[in-house]
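Comments concern the structure below.
The values are calculated or read from the model by the stated rules, or taken from the named source; none is laboratory data. As the structure is a computational prediction, the values presented were derived from the model and not from experiment. A quick note on method: Cβ atoms are made from the backbone with ideal geometry, for glycine too, and the neighbour counts reach across all protein chains shown.
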């Protein structure tokens, strides 16, 4: 399916003078730096899609979802790599049609954009070093006085303040920097959703994660879900994407996530 999308996309762009905006094209924004939801690779493979105007490719769970949506809607998919903070501005300015980037449908974001039904639901955990004194924590109280960090402008950064007496460190813009902060000891813990934590520890044998299902963060259902973001004016597209997502079972979604975890860099 991906190969077909790529071939048709190239022909479409050629015939339209490399124009991205068309009823037959769906331009998707994501940072391509948030494994296992999305990441950048230098070479094409059976699950990746080319990044527009960049000699690279994007892969991950979000790309699987994007390809599925595009295929079901009969649209060619164009991927635009955009920094996290620039995603919603890019959507509102018309540079992209939708955001498929592991984004949670928070109330604050809903004031600006619309969201589809969730295409994945997860858990919030803390990533720590294997030899950390926090590795056996059983509640948030055990992280009292810890130096905790998260990604800028995310739910995870806001959750840090639920820890009593925490040293809430200045958020960073990307996960490689966050991981290095924990590995170097600058931070004691990093708040992340479970699939991202699994991705991190798969590539960093000196790290692990702490799950607190009973005495952990207090979150809304929307806080542990990820959805497709659209402009508020795009009601027909919202309905169409929700209809497509209904055809993708939970088992299929879990399988796609496990496959993304298995093939991540």
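Results, tabulated for the structure shown:
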quantity	calculated
Whichever residue in the range 240-252 is part of a helix (DSSP H, G or I) and in contact with a helix residue (DSSP H, G or I) (Cβ under 8 Å, 6 or more places away or on another chain) and, among such residues, is farthest from residue 47 (Cα to Cα)	240
Residue check for residue 79: touching a residue at least 60 places away in the same chain (Cβ under 8 Å) and crowded, with 18+ Cβ neighbours inside 10 Å	no
Filter result for residue 157 (out of contact with any helix residue (DSSP H, G or I) (no Cβ under 6 Å at 6 or more places or on another chain), within 23 Å of residue 33 (Cβ to Cβ) and surrounded by 15 or more Cβ atoms within 10 Å (Cβ to Cβ))	yes
Filter result for the condition that a residue is in contact with a strand residue (DSSP E or B) (Cβ under 6 Å, 6 or more places away or on another chain) and in contact (Cβ under 8 Å) with a residue 60 or more places away in the chain, over 127, 166, 182	127
Complete set of residues in the range 207-234 that are surrounded by fewer than 14 Cβ atoms within 10 Å (Cβ to Cβ) and either touching a residue at least 12 places away in the same chain (Cβ under 8 Å) or farther than 27 Å from residue 27 by Cβ (or both)	213, 214, 215, 218, 220, 221, 232
Conditions (1) within 24 Å of residue 178 (Cα to Cα); (2) surrounded by 15 or more Cβ atoms within 10 Å (Cβ to Cβ); (3) at pLDDT 95 or above: number failed by residue 139	(2)
Members of the range 177-217 that are over 17 Å from residue 135 (Cα atoms) and at pLDDT 95 or above	177, 178, 180
